[in-house]
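A short reminder: the numbers here are calculations on the coordinates, not readings from a lab. The model shown is predicted, which means the values in this text are computed figures rather than measured ones. So basically every Cβ, Gly included, is an ideal-geometry build from the backbone, and we count neighbours across all protein chains shown.
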C-alpha cells in the first residue's frame, strides 16, 4: 500500500472511530453505524484512487466495482492493463480522479444491503454489503 493511500485510510479510520483489519490487515474495515462505515469506505477509496494506490482502492470495491475500474483503466491505458490494481493509476493518469470528493454521513442512504452516497458534483456512488463489509459497486459519481 502506498504511503498516501495508507494515510487516507488511517485518517478515515481515526475520524470514524477505529478500524478492524481486512485480510492481512491490507484493506481497512470501518467501525460505527452503516452510514459511518459507508462514508469511511468511499472516502478511503477515493483517497486511494487519488494516490494511485490500486491495492487499497480495489480492495474497497465489489467485484462489479473492480470490473468498472478495469474498464476505465483499459480505456486509458489499453489492453495491457490486466487487473483492477493496475487500472487505478492508468485511470488516474487519464484524469479519473474522484479524490476531491469527500462524503459526509448525511450523504448516505441505506436500504438493506445496498446503499448510495450522494456526490457533491452530481450523481452518487453505489455500495453493497459483503462479508468483508461495505464495498463500492460503482466507483464514480453515477448519474
Theoretical gain in end-to-end length, residue 71 to residue 114 [0.36 nm per residue, Cα-Cα removed]: 13.2 nm
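For an R0 of 22 angstrom, estimate the FRET efficiency from the Cβ-Cβ distance between residue 80 and residue 121 and round to the nearest 0.05. Write out the running numbers ahead of the final one.
On the way: r = 31 Å, r/R0 = 1.40.
Given R0 = 22 Å and the Cβ-Cβ separation, E is 0.10.
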Length added when fully stretched, residue 102-residue 141, from 0.36 nm per residue minus Cα-Cα: 12.9 nm
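Starting with the highest mean, order 37-43, 60-66 by the number of other Cβ atoms within 10 Å, averaged over the residues of each peptide.
On the way: 37-43: 26.3, 60-66: 21.7.
Final packing ranking: 37-43, 60-66.
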Theoretical gain in end-to-end length, residue 131 to residue 55 [0.36 nm per residue, Cα-Cα removed]: 25.5 nm
